[in-house]
Amino acid sequence: MNDEFKTLASAVESDAPTQGMSSIYRLFEAFIGLREKNERQHKLFEQTLNRARDSLQGSFNTFAADTQKAYQQLKQDVQGEKRFSLTLLNELLDFAIELDHILASRPALPISGPEADPWQRWLEALQIQNRKVQEALGKFGINAYDAVVGSPYNPALHERVGSKRVEGMDGLRVGEQIQRGYASQQPEFVLRRPKVLVTE
């Protein structure tokens, strides 16, 4: 009985490693095949991802360059428009200042009666045109800008045309305004500084 059991056990022992080993070999072969397939798919996925990334990067770079170019062009156009507008407003302002001077220095008419009527109508026409020019400046936000007498002299806001001694005021103050200035609605944007006499 013991002999039969020994024979049967040895037969099982000799068959068991063979069947077990072949199953393990097949399992390892399947695992290695699956791993190789996974690596191939992973490499293919990386290549596709790299191509998509490069394509998107190229598209973004083109978009960024086009946007920057359009922004620079728009900036130049806006600056050109501002320069043109400022030049035009300065010309209108010069005209308004000269017209103001002409009207301020008009002489009294020595003649009276019917001979003075054409001169009077001419002066009235000049006054009307002066009002129209002042209104046009106001529409563009440009208003008369007066220096405050007694305020500290500031070269950015006042144009010094002379000096004078004023009782009760210390030096470097606005003593008198000779000619008014003009500024836009922005308080620090002075187009024409008022001409002033500065205290000594």
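The values are calculated or read from the model by the stated rules, or taken from the named source; none is laboratory data. As the structure is a prediction and not an experimental result, all values here were calculated from the model. Virtual Cβ from ideal backbone geometry, glycine too; neighbours counted across all protein chains shown.
Could you tell me which residue of the range 1-20 is modelled with the lowest pLDDT, considering only residues that are of a type in the set (D, E, K, R) and surrounded by fewer than 10 Cβ atoms within 10 Å (Cβ to Cβ)?
The selected residue is Glu13.
With the requirement that a residue be hydrophobic (A, V, I, L, M, F, W, C), outside any loop (DSSP other than H, G, I, E, B) and exposed (fewer than 15 other Cβ atoms within 10 Å of the Cβ), what does the range 128-155 give you?
Initially, the range 128-155 is screened for residues hydrophobic (A, V, I, L, M, F, W, C), giving 128, 133, 136-137, 140, 142, 144, 147-149.
If we keep only those that are outside any loop (DSSP other than H, G, I, E, B) too, we end up with 128, 133, 136-137, 144.
Answer for the range 128-155, where residues must be hydrophobic (A, V, I, L, M, F, W, C), outside any loop (DSSP other than H, G, I, E, B) and exposed (fewer than 15 other Cβ atoms within 10 Å of the Cβ): Ile128, Ala136.
Residues are listed down the side, and each one gets a yes or a no for (1) part of a helix (DSSP H, G or I); (2) modelled with pLDDT under 90; (3) under 30 Å from Arg192 (Cα atoms):
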{"residue": "Ser22", "(1), (2), (3)": "yes, yes, no"}
{"residue": "Ala30", "(1), (2), (3)": "yes, yes, no"}
{"residue": "Thr62", "(1), (2), (3)": "yes, no, no"}
{"residue": "Gly80", "(1), (2), (3)": "yes, yes, yes"}
{"residue": "Arg83", "(1), (2), (3)": "yes, yes, yes"}
{"residue": "Thr87", "(1), (2), (3)": "yes, yes, yes"}
- request: Look through the range 162-178, keep the residues that are in a loop (DSSP other than H, G, I, E, B) and surrounded by 12 or more Cβ atoms within 10 Å (Cβ to Cβ), and return whichever of them is farthest from the chain's Cα centre (by Cα).
  value: Val166
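Rundown of residues vs (1) among the polar types (S, T, N, Q); (2) out of contact with any Cys (no Cβ under 9 Å at 6 or more places or on another chain); (3) farther than 30 Å from Arg173 by Cβ, yes/no style:
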position	(1), (2), (3)
Glu46	no, yes, yes
Phe63	no, yes, yes
Ala70	no, yes, yes
Val78	no, yes, yes
Phe95	no, yes, yes
Leu99	no, yes, yes
Gln134	yes, yes, no
Phe140	no, yes, yes
Ala144	no, yes, no
field: Answer residue from the range 145-200, given it is among the polar types (S, T, N, Q) and out of contact with any Pro (no Cβ under 7 Å at 6 or more places or on another chain) and is nearest to Glu98 (Cα to Cα) among those
entry: Ser184
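Is it the case, given these coordinates, that Phe189 is loosely packed, with under 13 Cβ neighbours inside 10 Å and more than 23 Å from Ser105 (Cα to Cα)? Spell out the reasoning first.
Values: loosely packed, with under 13 Cβ neighbours inside 10 Å: yes; more than 23 Å from Ser105 (Cα to Cα): yes.
Here the answer is yes, as Phe189 does meet what is asked.
Answer yes or no: is there a residue in the range 146-153 that is in contact (Cβ under 8 Å) with a residue 40 or more places away in the chain and within 26 Å of Phe95 (Cβ to Cβ).
Residues of the range 146-153 in contact (Cβ under 8 Å) with a residue 40 or more places away in the chain: 146-147, 153.
Checking which are within 26 Å of Phe95 (Cβ to Cβ) leaves us with 146-147.
Within the range 146-153 (the criterion being in contact (Cβ under 8 Å) with a residue 40 or more places away in the chain and within 26 Å of Phe95 (Cβ to Cβ)), the answer is yes, since at least one residue qualifies.
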- prompt: So is Gln120 at pLDDT 75 or above and surrounded by 11 or more Cβ atoms within 10 Å (Cβ to Cβ) or not?
  reply: yes
